[in-house]
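Notes follow once the structure below has been shown.
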Amino acid sequence: MDEPGRCARTPATIDSMTTPHQPLSASDLEAATRIAEPDFELLDALIRTDDPDDQAHTLARVALSAFDNYYAVSRRIPALAKAAFYARDWPATVRLSKIRIGLYTACIDQLVPLLKAGLPELANDEKVWVRAEAELLAAIAGRYEADFAFAFWQSLRRKLVSDEWRPVSYDTGPAARPPAAIAAVVRTIAATLPIQPEVIRNVLDAAGFTGPWRDLDGDAALAAAAIEAALEPLSPRAGETAKIEIAESGFFRNRGACLVGRIRLRDRGDMPPRNIPLLVALLNEDDGLVVDAVLCDSDELQFAFSSTLANYHATNPRYHELARLLHELMPKRPLGTQYSCIGFHHLGKVAVMNEILTEHRRSKEKLATAPGFKGTVAIAFTMPCSAYVLKIIRDHPTDDYKFDYFDGLDAVLRKYNLVHEIDRAGSMLDNIIYSNVKLARTMFAPDLLDELLEAGIGTVTLERDALVFRHLIVQIKLTPLPLYLTTAAAADARAAVINLGDCIKNNAAADIFNKDLDGRNYGVSRIRKVYLFDYDAVEQLTEVKVRSTPPMPRAEDEDGVVFRPAQMLEGLRIDDPGLRRAFRDAHPELMQPDYWEGMQHALRAGKVPKVMNYPTSRRLRR
């Protein structure tokens with residue numbers, strides 16, 4: 001393990017991590033992921049000094065010490081996730097994902113009250129922040145994670161000063177660095193076509209997966225055959241040389257692990273560059289390790305690295321290089337989301353905001369109301385060129401709100417945060433929630449500007465030439481399902497409603513039930529998958545009362561959320577009878593109480609469901 005807060009001189013590889021095969025106890029897991037207390041000696045020195053230079057120097061040291069405490073635990077978690085994979089300790093993997101998501105905020109929240117109590121004047125003393133920032137930048141100069149430490153500093157300052165959210169670029173500005181060199185995180189293995197099973201064994205051996213294996217020779221042969229089939233469109237020639245580039249990192253999540261990279265063939269003058277992405281997915285079953293699937297298509301890699309799933313724990317700490325490698329392998333997904341999918345949420349947050357601002361500067365397009373039906377609870381807006389949708393939650397819902405009671409803005413934001421923190425099971429969009437964001441007024445179309453100022457009331461204010469948002473939610477852009485169904489070919493529309501049923505099942509497996517089943521809360525992605533994206537009506541499935549038809553006496557249903565599966569098709573509001581029939585034929589169990597009650601029972605028993613994050617057709621043994 002690296003020294004806390006310091007970058008390894010050489011990339012950490014998957015085989016450099018310990019691999020205990022015994023499950024961690026709950027107390028051991030808690031101890032291993034506990035953030036160290038702030039440095040109280042430094043805090044005491046900060047509070048006692050009256051010298052402005054000493055105060056600035058000590059404030060920078062306090063902040064950097066807190067960041068180092070956070071970063072040490074953050075980098076420890078991937079090794080713990082790997083250990084949990086080997087021990088088949090699936091509840092621990094779920095717990096680790098949730099712990100890592102909350103670490104950053106927990107560390108900030110640990111320090112802020114102490115600074116507010118000891119030095120309340122920090123909230124208004126701009127000079128000390130300017131001096132302290134200069135001290136911090138000098139202290140982190142040359143560190144790999146300098147940009148991350150600087151972002152942490154900005155977060156701390158914002159919590160204390162209630163300043164607007166200001167994105168910190170790691171390509172320009174105080175934390176500038178050269179472009180990430182992907183070669184620093186890649187191991188290259190030479191091969192000759194067709195790629196033989198022993199080459200695949202070499203790849204697995206180099207990655208440090210030591211077994212025990214259920215059938216390593218059989219897996220290697222099947223994987224080699226899958227790769228050979230995937231290379232066929234590139235017109236390979238027997239005996240031709242090839243390079244297999246594999247990231248020197250394990251990626252661990254839930255019940256699985258994977259290796260990621262690409263296969264490069266020799267360029268030919270009459271053809272475009274000849275390479276394909278490569279993902280080798282592994283499971284640890286009762287009888288040993290298994291290569292479960294091989295993916296060689298960029299869109300299919302997006303399934304595995306989707307932000308709609310829990311984040312991967314990457315054992316290599318070089319997050320910039322890993323994110324850029326993933327972006328090259330999956331160019332349809334914005335760079336910012338690549339940081340988030342390997343657990344670096346705050347850097348992803350910074351990158352996403354920078355992308356939005358860059359999109360606007362480049363295109364000169366205005367933010368306007370997003371296509372589709374207007375939400376009763378949220379106002380969504382985007383630019384035509386943008387990969388993102390921005391939204392705010394109204395203070396009060398519109399008149400056509402479906403339910404008798406509105407929990408309020410803060411309750412809705414808690415639901416969005418709940419979805420952010422859980423394993424979204426491949427069927428719910430992740431969301432980034434920003435606080436106190438200032439965006440130039442010129443970015444907004446006039447109609448949208450009027451609506452935001454009229455409907456936002458307490459959450460959106462106009463300050464000179466900018467709008468300031470108390471909260472701002474950002475998600476990947478989708479095509480609303482009803483809009484997609486009106487424009488898609490018949491086969492694509494049918495596939496979408498079947499995928500909608502899979503989405504609802506996956507949500508249930510994550511203990512999420514959307515009581516507003518209306519299809520307008522779902523969207524279709526660029527790779528034609530369906531996701532839930534509105535969360536104001538989500539509830540924990542284990543808290544829902546599942547009822548049969550006819551309705552039970554009213555007294556029984558007075559409190560809580562009641563769901564009658566027999567009425568599901570009516571709630572989805574799919575107008576086309578053929579599409580309703582396709583949904584019913586594909587998912588008859590969703591209309592039965594037994595299915596929902598069985599899922600509730602499994603969740604209450606603490607079972608961790610399997611989530612398929614790649615097409616079944618890519619499994620080596622189907």
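Read the figures in this text as sums done on the coordinates, not as results from a lab. The shown structure was predicted, so the numbers you read here are calculated from the model rather than taken from an experiment. So basically every Cβ, Gly included, is an ideal-geometry build from the backbone, and we count neighbours across all protein chains shown.
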Listed with the fewest Cβ neighbours within 10 Å leading, 502, 44 appear as 44, 502
Of all DSSP beta bridges having both residues in the chain, the percent classed as antiparallel (nearest 5) is 90
Sequence order, region 427-440: Karplus ³J(HN,Hα) from phi using 6.51 cos²θ - 1.76 cosθ + 1.60, θ = phi - 60°, Hz rounded, Gly and Pro as x, gives 9, 9, 5, 6, 9, 9, 10, 9, 10, 6, 9, 10, 10, 4
Once the in-chain neighbours fewer than 8 apart are removed, the lysines whose Cα is under 20 Å from residue 116 read 127, 159
With Rg from the Cα atoms and Rh as the Kirkwood inverse mean 1/r over Cα pairs, region 374-527 has an Rg/Rh of 0.97
Placing +1 on each Lys and Arg Cβ and -1 on each Asp and Glu Cβ in region 355-477, then taking the dipole about the Cα centre, the residue among 460, 363, 396 whose Cα reaches farthest towards the positive end is 363
Residue-normalised 222 nm signal for the chain, counting each DSSP H run of n ≥ 4 as -39,500 (n - 2.57), nearest 500 deg cm²/dmol, is -13500 deg cm²/dmol
Percent relative contact order for the chain, counting Cα pairs under 8 Å at least six residues apart, stands at 11
The long-range amide H neighbours of residue 251, using H built 1.01 Å from N in the peptide plane and a cut-off of under 5 Å, are 258
The exposure ranking of 37, 539, fewest beta-carbon neighbours within 10 Å first, is 37, 539
The local net charge around residue 382, scoring Lys/Arg +1 and Asp/Glu -1 for residues other than residue 382 whose Cβ lies under 11 Å from its Cβ, equals +1
Of the listed pairs 364/415; 98/477; 332/374, those with alpha carbons more than 29 Å apart are 364/415
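From the cross-link list 82/607; 391/515; 391/505, which pairs have alpha carbons spaced over 23 Å apart?
Beyond 23 Å: 391/505.
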Going residue by residue through region 502-510, the Karplus relation 6.51 cos²θ - 1.76 cosθ + 1.60 with θ = phi - 60° gives ³J(HN,Hα) values, rounded to whole Hz and with x marking Gly or Pro, of 4, 4, 5, 5, 5, 4, 4, 5, 8
Semi-axes a, b, c in Å (a largest) for the chain, each sqrt of 5 times a Cα gyration tensor eigenvalue, come to 37, 35, 25
